[in-house]
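Only one structure is covered here, and it is reproduced in the block below.
Since every read-out is calculated from the coordinates, none of them should be taken as a lab result. In this text the structure is predicted, and so the values were computed from the model without any measurement. Here the Cβ is made from the backbone with ideal geometry for all residues, glycine too, and neighbour counts use every protein chain on show.
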Amino acid sequence: MYGPGRYVPDPTEGIVNIKDLPEPQRGFYHRDHQQTPCPRCRQLASRHKGDHRPFHDLGDVATGRPVDLLVSYSSHHCSTCKKYFNIALSDLAPPGSHYTHRVIDLAVRVVVAEGLPYRPASWHLWRDHRVFVPFATIQNWVEAGGKKGAGSHPRRVSGVGT
Ligand SMILES: [Zn+2]
């Protein structure tokens, strides 16, 4: 029902209320495993239950709609440590983040490499990538760049604030 068509002016230009933006499409990602290594002792821990959480991902340029990635994941119980934990999602998104790494990486790149100020960067992300990120959120990411990300997802942002 959607698809590439003739060019029409962006109907979202000038929208300031996020509720007025097009409804997101759903993407699905499954990381629900029967076993996964315990982060403490590395022994395989059995699945305890499953849950899911949404992440804002890069949007669908063809349909012009944003994409919310619904990630189903397993939580596990380590019988050695007697602890519950969720399967690692840190390669998809930082802990506690509502956005995927690739949104964050792109936003930081737009500001740092292309030199866009935060507000135009926010609009650029929406216009060209159909992901809505408040400019203050982008600012947080850029200012945090280089300080975090020392873990499994190296992300170097050099020259920020210099
Ligand atoms: Zn353990």
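Overview of results
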item	result
In sequence order, calculated HN-Hα J values of the range 65-76 (Karplus, 6.51, -1.76, 1.60; Hz; x Gly/Pro)	10, x, 10, 9, 8, 8, 9, 8, 9, 9, 10, 10
In order through the range 31-39: 3J(HN,Hα) via Karplus (6.51 cos²θ - 1.76 cosθ + 1.60), integer Hz, x for Gly, Pro	9, 10, 10, 6, 9, 8, x, 5, x
Two-site FRET efficiency, Lys82 against His30, from Cβ-Cβ distance with R₀ of 35 Å, rounded to 0.05	0.80
Rounded, prolate or oblate (a/c below 1.5 giving rounded, otherwise prolate when a/b exceeds b/c) for the range 88-145 by Cα gyration tensor	prolate
Cα-derived Rg over Rh, computed across the range 41-117 with Rh taken as Kirkwood radius	1.14
Computed FRET value (nearest 0.05) for Arg42 with Glu143, which takes r as the C-beta separation and R₀ as 45 Å	0.85
